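Please treat every number below as a calculation from the coordinates, not as lab data. Computed from a prediction, not measured in an experiment: that's the story for all the values here. Backbone-built Cβ (ideal geometry, glycine too); neighbour counts: all protein chains shown.
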Amino acid sequence: MKEYIKLAKKITFSLKDVTDITGNKSTSTSLISRWLKKNYVARIRKDLYTCIDLTTGDVIANKYQIACAINEDAYVSHHTAFEFYGMANQVYNTVYVSSYKRFNDFEFRGIRYKSVNTNFKDGVIAVKNIEGLKVTDIERTYVDSINLVSKISGVEELINISQVLGKLDEDKLLKYLEIYNKKILYQKIGYFLSNYYEGEKISNNFFDICQLKSSKSVRYLIQKYEGKFDNIWNLVIPEEFIVDKNKQREPNDYI
């Protein structure tokens, strides 16, 4: 059990981690097999394991830590990052994991881990006091989510999140928008922040930049969904998401 006691200090582990302790790959394979049968450890996916708390029967690693252990580049993003920050209205059974390296989606204990490919690491932070957890910052999460609004969070969820966001760092938002370099993303960010955001006022300069970098063509907030035309952002907005300015608490007006 001495090997198990050492591994229990780790959130997750691989065959290599066990071999580093035993010095023998064959012995390590046999140990893992034995521990699996005795329910001392749980297999998350190929060559990724976590120990089980023998007093509760729960796995030691939480879903965020599991996500970040999938590979060396993995980190929590999109809706799951908002969920970690306590901003999501609902908890999904899907954990969104961004990484340079794609992995096959898999399920572990009722939770699906879904790969989101990315080509930049900016805005990823290591969370203090939670071992092995990396997550996108608020601004990166917001830009990422609006970029994939039709595929992950959905408009209604992002409207709710926009309304509970606190102060946003405009420089960070512009940095991530520049990395994406997508005209329609400037349009969507401008639209969401000018219509749904209720936090500390965003500067007119920020919106000027978004408009300058936006497409001059008419685009859809959600592809193929008809609605009303927003002439400020050149976007067609489904009618159920149109803001009644008269009912807004403190509208962040921008013209």
Practice problem: For segment 170-231 and segment 125-143, write down the distance between their C-alpha centroids in whole Å. | Solution: 24 Å
Quiz item: Can you give me the Cα centroid spacing of segment 79-124 and segment 12-30 in angstrom?
Solution: 28 Å
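What FRET efficiency comes out for the pair Asp47/Ile179, r = Cβ-Cβ distance, R0 = 30 Å, nearest 0.05?
FRET efficiency, Asp47 to Ile179: 0.40.
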Quiz item: Out of segment 64-109, which GluC sites (Glu not before Pro) are coil in DSSP terms and have no more than 11 other C-beta atoms within 10 Å?
Solution: Glu72
Quiz item: Which residues does a label at Thr19 reach in segment 52-71, if reach means a backbone N under 14 Å from a point 7 Å past the Cα toward the Cβ?
Solution: none
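How high is the FRET efficiency from Tyr225 to Gln163, r the C-beta distance, R0 22 Å, rounded to 0.05? Intermediate values should be presented prior to the final figure.
Working: r = 21 Å, r/R0 = 0.97.
With R0 = 22 Å, the Cβ-Cβ based efficiency is 0.55.
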Self-check item: Pairwise label distance in nanometres, Glu240 with Arg34, each label 7 Å out on the Cα-Cβ vector
Solution: 5.7 nm
Self-check item: Two-site FRET efficiency, Lys201 against Asp73, from Cβ-Cβ distance with R₀ of 41 Å, rounded to 0.05
Solution: 0.70
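Rounded, prolate or oblate: which fits segment 2-51, taking a ≥ b ≥ c as square roots of the Cα gyration tensor eigenvalues, rounded meaning a/c under 1.5, else prolate when a/b beats b/c? Please report the intermediate quantities before stating the final value.
On the way: a/c = 1.29, a/b = 1.20, b/c = 1.07.
In terms of gyration-tensor shape, rounded.
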Quiz item: What angle do you read, to the nearest 10 degrees and between 0 and 90, between the alpha-carbon axis of helix 138-147 and the longest principal axis of the chain?
Solution: 70 degrees
Quiz prompt | Prolate/oblate/rounded label for segment 62-136 (Cα gyration tensor, a/c 1.5) | solution = rounded
Quiz item: Label points 7 Å out from Cα along the Cβ direction at Lys151 and Lys101: separation in nm?
Solution: 2.1 nm
Quiz item: If you stretched the chain out fully between Glu3 and Gln90, how much longer would it get, using 0.36 nm times the residue separation minus the C-alpha to C-alpha distance?
Solution: 27.3 nm
Practice problem: Any chance you could give the angle, 0 to 90 degrees and rounded to 10, that helix 155-164 forms with the longest Cα principal axis of the chain? | Solution: 90 degrees
Quiz item: Are there GluC sites (Glu not before Pro) in segment 171-220 that DSSP marks as loop and that have at most 12 other Cβ atoms within 10 Å, and which are they?
Solution: Glu200
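When only Cα pairs under 8 Å and 6 or more residues apart are kept, what is the percent relative contact order across the chain?
Values: 384 pairs, mean separation 29.2, N = 255.
RCO, the chain: 11 percent.
Starting from the Cα-Cα distance between Val116 and Lys216, subtract it from 0.36 nm times their residue separation and give me the gain in nm to one decimal.
Working: separation 100, 0.36 × 100 = 36.00 nm, distance 2.91 nm.
Between Val116 and Lys216, full extension yields an extra 33.1 nm.
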